[in-house]
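Below: one structure, written as structure tokens.
Coordinate-derived values only; no laboratory data. These figures come from a predicted structure and were not determined experimentally.
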Amino acid sequence: MKPINRREFLRTLGYGAASFAGAHLLSACNTFLPQTSPRPFEGEPDVEIRLTAKPGQVPIFPGAPTNVWRYEAVVQMGPAESIQTIPGSYLGPIFNLKTGTNLRVHFANELPEESVVHWHGLHVPDHADGHPRLAIPGSETYTYNFTVMDRAGTYWYHPHPHGITGPQVHRGLAGLFLIHDDQERALGLPDGDRDLPMVIQDRVFDAENQLVYDPSVMGMYGDRILVNGTPDYELDVDRGAYRLRLLNGSNARIYKLAWEDGTPLQVIGTEGGLLEAPIEKKVITLAPAQRLELWVDFGRWNAGETVSMVNLPSSAVGGDEGFPIFTAKVRESEREDARLLEVFPRHDALELGDAVNANEPRVFVLGMGMGMRWMINGRTFEMTDVARDERVRLGDAEVWEFVNQGMGGGMMGGMNQAHPMHIHGLQFKVLGRQVDPRGAQVYDSLKDGFVDAGWHDTVLVTPGERVRLLMRFTDFEGLYMYHCHNLEHEDMGMMRNYRVA
């Protein structure tokens, strides 16, 4: 099927022209720590930040600077290290906070259109979740108050206005949100300049170094890879252990990542924090919005060597070619003794036994309807609409099943598209996958890189596949969203509300 062009796409939007093993033990924790308050804090915050979204310019290539939209932040109360700026990058500042922090963020919108901030992966009250109904126009400010309840891990933030999330993120609006706790600190994981956040994005630039947003119904795919906003990204590393925090911050592209020389990858964390034990993989699949943490011993390479992380060919749309992501150069240095230390896991608040006690799975069918609209259960997004089968009870554990109809069967079958499904307000566990052999091409090309252990807020559902998730709705009543995190699919309607009461 021929993709629609940008004008048709914008008109459609309505705004114009498995078993895992590891040798060493890490922590397995509750998704939400019980000692933190589930209610908005009262009184003064521990950390207060003014976060501004505004147009700007940044040099990315030689020649003219690139016009971008970016977040800037100022710490008004609390430790100065609560915010870390990435020098020379259009990406927003990194939030560095501890579990239990009472946080107040004054979001000032200085953009020429409405926007709102979604704290992706965080367990927050619905008024702090960044629902598009709360978007504010330019020149206005919205204040977020919430307690950081999640366990140590790699989270992020980005805009979430209805119908224009894709272009806003493409222009540069995104940033990392790192949470730390005492148990993580006690593990002796690499920190400081050996704890490296790495945001992977693909972009299109014109001859004047300006960003080009020209999506099809498949999503927005770029021909240049940026890491932390920099093309041809290079690291200089010592011969010791590093922690790499990988975020797929692309609008639509799915990555199949590996070391170019075939060295195994040690995965130590997912979207919801550290795993019970490292998982060794030859490749890792990273869909939009997903995060994986790697423990890397660069001492296994000789001083003076370079090693590249590459994207391997796959059947995912827009990701079917191989190309480099970044290169690490090993400095002349002594090899260090680097190993993961064994620790005891904590009690897990959500056991697989909860799946037995849960009701029949809620089934959500992903596909495409008339008018080139991406849909869930035959519905597209409506700002505050909640169907009868989208209401859940506070405290319940439930199993949700996402079913991807796309098997190359045409428009109404959902096309041959994978969908990274994100659920707001919580973390979940992946119970299992089933795939129809007739539509397994994409699944087969990516399955070796799936990391389904641990906690997640985003899961990839390939064409012809059914994926079951286990979750519990705790602490907060209110209106939350679930949607495809291919941002163009989201903007084209593949997003719905669920209500907790």
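Worth a mention:
- For region 439-448, the Karplus equation 6.51 cos²θ - 1.76 cosθ + 1.60, evaluated at θ = phi - 60°, returns couplings of x, 8, 4, 5, 4, 4, 7, 10, 4, 5 Hz by residue, with Gly and Pro reported as x.
- Shape class of region 47-184 from the Cα gyration tensor (axes a ≥ b ≥ c, square roots of the eigenvalues): oblate, since a/c reaches 1.5 or more and a/b does not exceed b/c.
- Remark: the Cα gyration tensor places region 192-330 in the prolate category, a/c being 1.5 or greater and a/b exceeding b/c.
- Cα shape, the chain, gyration tensor, a/c 1.5 rule: rounded
- Share, in percent, of DSSP beta bridges within the chain that are antiparallel, nearest 5: 75 percent
- When the helices of the chain are scored as -39500 (n - 2.57) per DSSP H run of n ≥ 4 and the total is divided over every residue, the value at 222 nm lands at -1500 deg cm²/dmol.
- Between region 461-496 and region 141-181, the Cα center-to-center distance that results, in Å: 17 Å
- Annotation: the antiparallel percentage among DSSP beta bridges lying fully within region 192-330 is about 75.
- Spatially near lysine pairs across the chain, Cα under 18 Å, sequence gap of 8 or more or different chains: 6
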